[in-house]
Structures are given as structure tokens and as C-alpha cells.
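Here the structure is laid out as C-alpha cells; the discussion comes afterwards.
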Protein chains: 2
Amino acid sequence: MPKKVSIADLAMAAGVSKTLVSMVLNGKARENGISPDTEKRVIEIAQKLEYRPNLFARGLRMGKSNSIGLILPDISNTFYAGLARSVEDIARKHNYSVIMCSSDENKETELKLLQLMTEKQADGIILASTLDDEKQIRDILGDDFPLVLVDRHWDNSHYPVIKVDNLDGTKKATDYLISKGHQKISIMTIGPSHLSTQTERIEGYIKSLETHNIKVLRNYIVEIPHNDINRCICTSIYTWRSTNTMPTAIIAANNFIALGCLDCIINNKLSIPDEISLVSFDDIELFHYSNPSVSAIAQPIKKIGEAAFDCIIKKINNPQLHIGDVILSTELIPRNSVKNIK
Amino acid sequence: MPKKVSIADLAMAAGVSKTLVSMVLNGKARENGISPDTEKRVIEIAQKLEYRPNLFARGLRMGKSNSIGLILPDISNTFYAGLARSVEDIARKHNYSVIMCSSDENKETELKLLQLMTEKQADGIILASTLDDEKQIRDILGDDFPLVLVDRHWDNSHYPVIKVDNLDGTKKATDYLISKGHQKISIMTIGPSHLSTQTERIEGYIKSLETHNIKVLRNYIVEIPHNDINRCICTSIYTWRSTNTMPTAIIAANNFIALGCLDCIINNKLSIPDEISLVSFDDIELFHYSNPSVSAIAQPIKKIGEAAFDCIIKKINNPQLHIGDVILSTELIPRNSVKNIK
DNA sequence: TTTTTTATCTAAACCGATTTAATGTTTAAA
DNA sequence: TTTAAACATTAAATCGGTTTAGATAAAAAA
């Protein structure tokens, strides 16, 4: 079992002080007037003994870990997995590593993870929060801790936010459906909740309808609890049918709901798009292959991750710095789930 | 900006030594004969000052980080994302955290990540390797480092392996196709490579054919480079067509290939399953929704992650311990991509 | 020759925890 | 009264780095 080689071992082997070794290995030989001969010798010895720095020791002394925390609802969900990957890539380029965690849409888990991140000395945190407000977060992290919110946020957040223009996204989707002749359009969202993504998506939907002078019907705005998606979708469809108020199109406010719709509509022997059209917020690979393929509002996942990292780095380097929110735009990808009924 | 509270601060505030505070906070008050009064007082002060341990300091002193590395080809790929999630969950239950990284099927990246994990003081590593052999790994980690291989491995590996019975998996798939009357069956794998998953899957395919006295044809075993999947699948199909040797069924050795097949077959105006049947190794959600839905060999992802963690924990607690490989079984999930041509 | 400079290098403190080896007090036993 | 045992607590070392504030010796200037 090869014992770990420390800087003291190198110093011993080279017959110099720990200080000198540390300086050399950090490329500070020149500026500290260390002779080129000594520098070379130390470097060679370090290589020969296969020296590997202990990042805990360095982190402890420097008060910096070169790692950031990434807390998402579920890293195995396609959307968040892509986001995680994006953050990982850009972080590695900047010599940072990422500690990823799933909160499972559970507030207590999220708070515990935030706690853990600080104990693990994360220099900053990127968070897609499931909380209703940021009070508890500020209690745990303090106001100046480098934290960036992605995807979800609260009004007037103290922390910077990286998000997509949700309102515009559903507006585009609704406009699109209306342009295809649809008037009876439903939107299905996760709720009841304070999730900004969901409320903004409803707003966009309403805005579009109002612009086109279509009456907003309460029973077409459906809130679905995140832990019982499929059953509730079926219930809605059943209700519409029995009251003869079936919409001609559904906007699913995220990919889970869209998948639920796919399942439920099939189970109800309804045909997409002939009997009902579908547009999903979030574009996942599946929608390209599904039967039928599903029209979707795509989010620029890679850009979101990069913007979030960019933001967190700036905050780490200057915690006082005020950083404005970043709002990225979405793209409508038409496929075969929308029928032209004009 | 609230300064960090250290154990020294608590000691000062409580009028006791750091030693005592440390003992109390680690629940060792009783065994060290600390009076209940003192214990209570220290705990209260710790709560009031909102003390949070610095895990770097603890890790440095204890030589243990309570974190493990998880290196996968790509955490945004559905299969690996699920695996990552599984490892994360079981790790958290055991008070471990996971540092996840993607190697991008790149050998140098993988080696660098292994290096990084040791510097970050990971207590153990779970690895789905993209390397051809384990020599370099042993150079970096040493023989006794707690490392567990998942998904992929090499023959006679020094390190324990958690995997699925790949041979049996493709054998089941091939048997199934044969039972539906297919004789001209192709298998498409990622290659050329030493990836155990791929070679074993070919073996299972061959074994089944031989059992049924069907001749194994060289041009039905297709190796596809991982960076140019779709084009190569199309080329194969084109070649078969022009030589009039089109198979009636394809076994895709992983989900990427299956998706490629879906794309290419559609582009070639072929119909699944009428003109060609398809079975995929790896079951992903998409196959349930695709058109047609795709029959697949499902791997027990959750179990793989749990077994890997179980194994790594044992190794961490006793690096000398010999642990046998774990081989989990797959399940064939029939859907609509296979035609009965008997 | 004495004083400065310059060029090299280092001792020791520090980061925040854990742990070892004592230390000082009481109380109980001899 | 002396000795031993039980009790409660702590000083100091340690983990492996970085950094501050000198130290030493040789060369240059006075």
C-alpha cells in the first residue's frame, strides 16, 4: 500500500523547506526568487514520488474548495440531467467540480442539502428551489453567499435568477394553437404551488387568449399535484367528457404532464391530434420519437447551465457584486401533435 | 456577513476546552465522563451560535471524506442518470455524498477524473470505465483503493464488478425473436472496442443462434463507432438492401443504437415491425412511448446502483476484503416492435 | 572595512477539526 | 493519614497544505 506523499516528504527528499516546495508547485518560484536549479529539482522529485496534493488541506487553509453545489429536484429527470451535464462541463473548464444532489421536490431535503453544501465548503450553490420563499435559505446561507437560482424563483429575489421566458413560451404555444384554429385550449400545470415556472406559464397562456379575445375559462386551467399526475389528468379528461366541454387542445406545462397526457389520452382511446392536440413545455428526446411526435417549447438547457455557472463564478469572486437576472428565450418546435382545424 | 463559528469559538463561549466541545458534539460525552450539565451547556451554545462543522478540517484530520466518486460516460444519458440517482439515494442514506463526473467515453478524461477523485479525498470510486484495461487505473489508485466497476469491466479484473448478465440478456432477446419465427437476425453493437458489455452481448446472440442451429453470418454482426451511430446504421441498411440480404430483425446492443435504428428505419421508409423487427438492450422510457413501442431488455438500474454502493462501502471499511462480482439479471419487455412471422 | 542590497531560502503560524496523554479534584479504600 | 480509584477536564500534537515575517550569505555600494 503506497503511503501518501506529502509536501513535507518532498521537502525532505529535496533538502529544502516545505515553503519552498509549496511555492514551486504553485508556479510561484520566479516571483519568490527561487533559483531555477532548485525549482527544477523540486519538480522532478515531485514527479518521481508521484506527489498529489491533498485538496482538503489546501481548501482548509485557503478557505476555498473550488467546488460548487448543484441542487435540483431530480438529476435523473431528462431536463435536469441535461442541466447538470451542462454545469459540469463548464465548471470543469474552470477547474471547478460540482457536487450534485436531488431534493425530490422536498423542502426539508432541500434545506438539509443546502446545509450540507456549506459544511462541504462549496464556494457557491446553483439551486432549482422547491421552497415557497427564500427566507429559510437566507437564514442558512446568509445574504452574501454566492447562490444562483435556476429554473424556479420567487418575485423580487435577493439572489440572481437564471431562467427562461416562461410567459413568452406559453404565449407562443397558445398563439400557435390559435393560429391552427383552436379556441378551446386547456393548460395543465403542476400545482397548487408557488412555483414561478408554473404561474408564469399560466400567465402567458392567459395573455395570449386575451389578446385574441378568447374567454379564459376556469375549468380549462388545471392544477395537478406532482405526485399523482396521471390519475388527475384522467380525472380532468373524464370530467370534460361527461360535461361535454372537451377542449380541442392541451398545453402541458412540463414534460411530466405531457407524458401523462400521452398515457391518459391513449388509455381513453382518444387520438392525438385528431381528437385532441397537445403541446408540451420542455422538449425531451422522447417527443421526437413518440407516437405522434409532440410539438414542444424547447428550453436552451446548455445556455441555462452556462449562464448559471458564469453567474456563480462572478459572485464567488465578488460576493457584493450585484448581478441582474438572466432571461433566456424558448423555441417552439412544431411536430405532429397539433391538428389544423381551420 | 456572519463569520463562521468554529469549535474554538464554542469552547471560548462555554468556558471549556476544544477537546471537550469536540467530544460532546460527537456524542462521546458519556464515554469520556463528561458531566451531563456541561454536555447540555455545550450543546445549547452550539445551537445558539449555529455551529456548523467544517468538513474539510474533519476530513483532513480523520483521513476520511465520507464521499465517493462516481465516474460515468455521461450523466445526462438516461441510463447513467438513473444509475447516478440510485447511487445518490443509497449514499445519502449512509451519510455519504457523491461526486459525479462524465468521462465522455474519453480515456484521458477518465484518468484525469480518477486522479481528481483521489485529490478530493474520495473514500472510494464507482466507475463505468471506457479504458481497454485496468493497468493505468492501478497505477493511479494502487491495488487496495476501494474501486468498484459497474456496467463495464475487463476479464479477470482485480476490482469487483457489478453488472448485468449481458450474455443472457441478448440470448433471451434472440430466443424471443426466433420464437416469433425470425431467422435472419442482425445485432448492432458499439465497436470496435473492448467494452465487455458489447462483446458479451454478441456472445449471447451467437449462443442463441447456435442453440437453434441457425448459421451465424458475419455481415449480421455490425460494429458501430459510438461517435457516428446514425450514419453507420444507415450504411448497413443500405448495404443489406443492395445485396438483397436484409435481415428481418435487429437487436440493438444499447439504447443509442436503438434510437439510431428508429431514425434510420423511418428515414428509409421501412416500417417497424412489418418490414423489420427491433429489440433494444436497455429499456428507456422513450421505448414505451415511441412509434411503435420498442421491445427491450431492461436492466435493474436501481439494483445496480445499490449493489455498487454496498460493495464500495464494504471495501472502504475493509480494503483487503475480497468481494465477488455481482451479476444481476435482465428482463425482456415485449412491446410492439417485433412481428410474428411464423 | 563597513554598510546595503540582492538573491535564496526557511521557521513558525495558521486553517478547524480529532485524539493522545496527562492533569487536577474528589471520593473511597487501606 | 496515606494511597488508590473514579471523575471531569484539557494542553498539545496532528492532518497537509499556504503564508507571513524573517534569516543567511554573497555581492555591491559606501
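The values are calculated or read from the model by the stated rules, or taken from the named source; none is laboratory data. The structure presented is a predicted model; accordingly, all values stated were derived computationally and were not measured. With ideal geometry, Cβ positions are generated from the backbone for all residues, glycine too; neighbour counts draw on all protein chains shown. When the accessible area is computed, the model is the full protein with side chains, heavy atoms only, and any ligands, DNA or RNA have been set aside. Shrake-Rupley method; radii C 1.70, N 1.55, O 1.52, S 1.80 Å.
Here are the numbers for the structure shown:
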item	result
Global geometry of the range A:47-144, whether rounded, prolate or oblate, following the gyration tensor of its Cα atoms and the 1.5 cut on a/c	oblate
Exercise: per-residue mean of other protein chain Cβ atoms within 10 Å, B:217-229	0
Within-15-Å neighbourhood charge of B:L20 [Cβ basis; K, R +1; D, E -1]	0
Nearest-10 value in Å² for the accessible area of B:I178, using the 1.4 Å probe	20
Accessible surface buried once A binds B (1.4 Å probe; total of both sides; Å²)	4400
Prolate/oblate/rounded label for the protein assembly as shown (Cα gyration tensor, a/c 1.5)	oblate
Gyration tensor verdict on the range A:166-300 (Cα atoms; rounded if a/c is under 1.5, prolate if a/b is larger than b/c, oblate otherwise)	rounded
Per residue, in Å², the accessible surface of the range B:7-53 once ligands and nucleic acids are set aside, probe 1.4 Å	65
With eigenvalues of the C-alpha gyration tensor scaled by 5 and rooted, chain A, Å	53, 19, 17
Computed FRET value (nearest 0.05) for B:N106 with A:D310, which takes r as the C-beta separation and R₀ as 30 Å	0.80
14 Å beta-carbon shell around A:S157, net charge (K/R +1, D/E -1)	-3
Sparsely packed trypsin sites (Lys or Arg not before Pro) within the range B:171-235, loop by DSSP, other Cβ within 10 Å at most 10	B:K215
Probe 1.4 Å - accessible area at B:T130, Å² to nearest ten	10
Positions from the range A:72-118 whose accessible area shrinks by 50 Å² or more when the full protein complex is built, not the chain alone, probe 1.4 Å	A:I75, A:S76, A:R85, A:R92, A:S97, A:M100
Rounded accessible area of A:I327 (nearest 10 Å², 1.4 Å probe)	100
Residue-normalised accessible area of the range A:253-329, given per residue in Å² at a 1.4 Å probe	40
Exposure ranking of A:C234, A:C101 by accessible area [1.4 Å probe, largest first]	A:C234, A:C101
Cβ neighbours within 10 Å from other chains - mean over B:286-293	5
Binned Cα-Cα distances of the range B:176-216, short to long, each 5 Å bin given as a whole percent	5, 22, 30, 20, 14, 7, 1
Residues of the range B:70-149: accessible area per residue with a 1.4 Å probe, Å²	32
For B:H322, label point 7 Å along C-beta direction: distances to other copies, nm	6.8
Ellipticity estimate at 222 nm from DSSP helix runs (n ≥ 4, -39,500 (n - 2.57)) divided over chain B, nearest 500	-13500 deg cm²/dmol
Accessible-area composition of the protein assembly as shown, carbon plus sulfur, in percent [1.4 Å probe]	50
Exercise: per-residue mean of other protein chain Cβ atoms within 10 Å, A:53-63	6
Residue-count net charge about B:E39 - beta-carbon cut-off 14 Å; Lys, Arg +1, Asp, Glu -1	+1
